[in-house]
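Working notes, beginning with the structure itself.
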Amino acid sequence: MTKEAKVKTILVSQNKPEPGKKSIFDDVVAKYKLKLDFRSFIQVDAVPGKDIRRKKVNILNHTAIIFNSKNAVDHFFRVVEELRIEIPQDMKYFCLTEGIGLYIQKYIFLRKRKVFYPKTNLESDFLNLVLNHKTEKYLFPCSDIRKSTIPDFFKKHKLAFEEATFYKTVSADLSDLENVFYDIIVFFSPADIKSLFDNFPKFKQNNTRLAAFGESTQRAIAEHKLKCNIPAPTKDNPSIVKAIEEYIKKVNA
C-alpha cells in the first residue's frame, strides 16, 4: 500500500479570521509548520427585512430562535435592526454549537439572555436539547440552502416551528484558484462542494485530501464521486481540527 504524501499546505473554505483573532487551526499549523490559507467558497446575500415582513414572518410571535451558523446570527440581528424590532429579554436562543452560542455575544449580553447549546458538536445532541424545551415557539432563520434535519425533527415531534429565509447562499468566484493545489481542502457545508464544482466542473481529486465537517458535507463529497479522507465529528475526533491533526500525525510521521 502506497503511503500518503505528507501534508504541507491546507486551504480552509472559510473567510480569514478578523485581524487580531486566532483561527482554530493556528496551533496545529504552528506545530507541524504548515502553510494555511483561507478562502470562502460561498458568499452570502442578505434578504431585506422588508421582504421577510412581506412574507408575514413575525419574529415576536416566537419565544425561541434557532441558530445553525454564525451567518444565521448575523442576518437575524440585521433584520431585527432593519425592522426596528425590540427583542424581549426572555427570548431564548438555541445554538447548534458552543461556538455559535458564544458568537451571540457580538449582539447581546449573555447574562441577560438565555442561550442554549449542546456539550458536543453533534447535531443529535442539539436536537435532544430542543426536546427538553418542547413548549417554546421556535423560529429558524436560515439560508435558502439548508439541510432538512431540523425542520423534519420539529415536524416529527409536532413542535411549534417556523422557518424563514433570512439570507441566500451563492457560489463565490474561485477562478484564481484554478492552477493552485493544496494537500488538504477543508469543507464545512454542501454549498462549499457545490461552489467547487460550479467553478471547476471537471475537478479531479488526485492527491488532494478532503476534510469535511458534518454528515451532509460528507454526503455531498460522496455524491460527486470524491473521497472524504478526514471526516468530523466522530467519536474519536469531535472537532475538524482534531481530525486533521490526527491525520497529519499519521502521514507526516
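Every number here is computed from the coordinates shown, using simple stated rules; none is lab data. Small disclaimer: the values here were computed from a predicted structure and weren't measured. FYI the Cβ positions are ideal-geometry reconstructions off the backbone, even for glycines, and counts take in every protein chain you see.
Give the calculated FRET efficiency between Leu131 and Ala46 to the nearest 0.05, with a Förster radius of 35 Å applied to their Cβ-Cβ distance. Once rounded, the FRET efficiency stands at 0.65. Sorted on the mean count of surrounding Cβ atoms within 10 Å across their residues, most packed first, peptides 199-207, 228-236, 161-169 read 161-169, 228-236, 199-207. Helical content of the chain, expressed as a calculated mean residue ellipticity at 222 nm, amounts to -9000 deg cm²/dmol (DSSP H runs of 4 or more residues, -39,500 (n - 2.57) each, divided by residue number, nearest 500). Per the Cα gyration tensor, region 1-140 maps to an equivalent ellipsoid with semi-axes of 34, 19, 15 Å, ordered largest to smallest. Measuring r between the beta carbons of Arg84 and Thr120 and using R0 = 30 Å, the FRET efficiency lands at 0.20. In the chain, the longest principal axis of the Cα atoms and the axis of helix 240-251 are about 10 degrees apart. Only beta bridges with both residues in region 45-170 are counted; by DSSP, about 10 percent of them are antiparallel. Estimate the FRET efficiency between Lys55 and Lys202 by the formula 1/(1 + (r/R0)^6), using the beta-carbon distance for r and 45 Å for R0, to the nearest 0.05. So the FRET efficiency works out to roughly 0.70. Relative intensity of region 4-58 on a log10 scale, I(q)/I(0) at q = 0.19, 0.23, 0.24, 0.29 Å⁻¹, equals -0.76, -0.94, -0.98, -1.16, per a Debye sum over C-alpha point scatterers of equal strength in the absence of solvent.
The tail of the calculated P(r) for region 174-253 beyond 20 Å holds 30 percent of all Cα-Cα pairs.
Measuring against 30 Å, Cα to Cα, the residue pairs Lys168/Lys204; Lys33/Lys204; Lys114/Lys168; Lys92/Lys227; Lys6/Lys204; Lys106/Lys227 contain Lys92/Lys227; Lys106/Lys227 as the ones spanning a longer distance. Take the Cα of Leu110, go 7 Å toward its beta carbon, and the backbone nitrogen atoms of region 74-88 under 19 Å from that spot belong to 74, 77.
What the pair-distance distribution of region 115-169 shows, using all Cα-Cα distances binned every 10 Å from zero, is 22, 53, 25, 0 percent. Sequentially through region 94-103, phi angles give Karplus couplings (6.51, -1.76, 1.60; θ = phi - 60°) of 10, 10, 5, 9, 4, x, 5, x, 6, 5 Hz, Gly and Pro residues having no value and appearing as x. For Lys156, the aspartates and glutamates whose Cα falls under 17 Å of its own Cα, not counting residues fewer than eight places away in the same chain, are Glu123, Asp125, Glu136. Mean projection of the alpha-carbon convex hull of region 35-90 over all orientations, in nm²? Result: 5.5 nm². Estimated at 0.36 nm per residue, the fully extended path between Glu223 and Leu102 surpasses their Cα-Cα distance by 40.2 nm.
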